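No lab work stands behind these numbers, since they all come straight from the coordinates. Here the structure is a predicted model, which is why all the values come from computation and not from measurement.
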Amino acid sequence: MIGFLGVGRMGLPMCANLVRAGHEVVAHDLRPERRAPALARGCRWAAAASEAAAAADVLVTMLPGPHEVVEAMTGPGGALPALRAGTTWIDMTSNSAAAAEPVRVQALAGGVDVLEAPVGGGVTAAEDGTLKLYVGGDREVLERNRPLLEVLGDPRRIVHVGGHGTGYTTKLLVNLLWFGQAVATAEALLLGRRAGIDLGVLRGALSDSAAASEFIRRDLDALLAGDYMTSFGVDRCHEELANVVAQARALGVPFEVSSSVERIYRRALARYGAADGELLAVALLEEEAGVELRWPFR
């Protein structure tokens, strides 16, 4: 039996894939309106996180962020006291190593095996079962749970990155670099347009140069069409950036460029609130420049 906490945009299709693969899934979410979609996909419903955990051999958490994981595991009605020794907790949240550590320590002390496997890829990858997984924890625990993880992620992209905490950090670094590419590309395009360069020409020049990046190759066209990528909230983007900046500060690592990206996202959050849009930091830069990055021009 798999307990699953968090049946939102990502968690719901992940649950559906587990059910299709023959697993029994008991799901819980704080939002009661998620009950009907979970039942429609073949899950059982638990009224509390503790109820889902008590039935589980493996508990998966796929929650918005670190605070929600702590609350789901250790808050009132939380899952952690209900987990039996010998079960496994797999946290697939974009969490922070510092926030997760106290909960992990409690779980391990109670005889619960723990893996972190934060995911890369959006809703489509969750639906297709082709997520990238950045796994931290004991390799033996990973191998024991690999068949389950291969239902959710591309088997070729389930990467064991090291011990506890390394999976969370790897995911934060991936997102940090993507956010940084987005901001740097937007600044370059804004300057290029102000300097009179056709955006289509500039896009082509950048994509066929040493400056090419995954953002330019895969995501820039969406931005130029006015898509700020509303599958993820700017508040969550900033939370991830703040977590990785705090980790760099704690470890004494110079982080000036990345700290600048965090500050831009902080300003975007102040300007737009907790709105959906991974690229609302770019919208902020456009607003401040008085220029929209659109191709063809509107």
| request: Quick one, could you list the DSSP H helices from the chain stretching 20 Å or more along their long axis (Cα atoms) with average Kyte-Doolittle hydropathy of -0.5 or above? | output: 166-194, 234-251
| Cα centroid of the range 1-61 to Cα centroid of the range 255-294, whole Å | 35 Å
| said: I need the shape label for the range 2-163. Rule: rounded when a/c is under 1.5, else prolate if a/b > b/c, else oblate, with a, b, c from the alpha carbon gyration tensor. | reply: rounded
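Can you bin the chain into rounded, prolate or oblate? Criterion: square roots of the alpha carbon gyration tensor eigenvalues sorted a ≥ b ≥ c, rounded for a/c under 1.5, prolate for a/b above b/c, oblate for the rest.
Numbers: a/c = 2.10, a/b = 1.85, b/c = 1.13.
Taking the square roots of the gyration eigenvalues as a ≥ b ≥ c, the chain is prolate.
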| said: Under 10 Å, Cα contacts only: if you run a Gaussian network model on the chain, which one of VAL151, VAL245, VAL174 comes out with the highest mean-square fluctuation? | reply: VAL174
| query | Considering only DSSP beta bridges whose two residues both sit in the range 2-163, what percent are antiparallel, to the nearest 5? | reply | 10 percent
| said: To check you understand DSSP bridge types, tell me what percent of the beta bridges within the chain (both residues inside) are antiparallel, rounded to 5. | reply: 15 percent
| said: For a quick check, take a GNM of the chain with Cα springs below 10 Å and name the residue from GLY196, GLY86, GLY165 with the largest mean-square fluctuation. | reply: GLY196
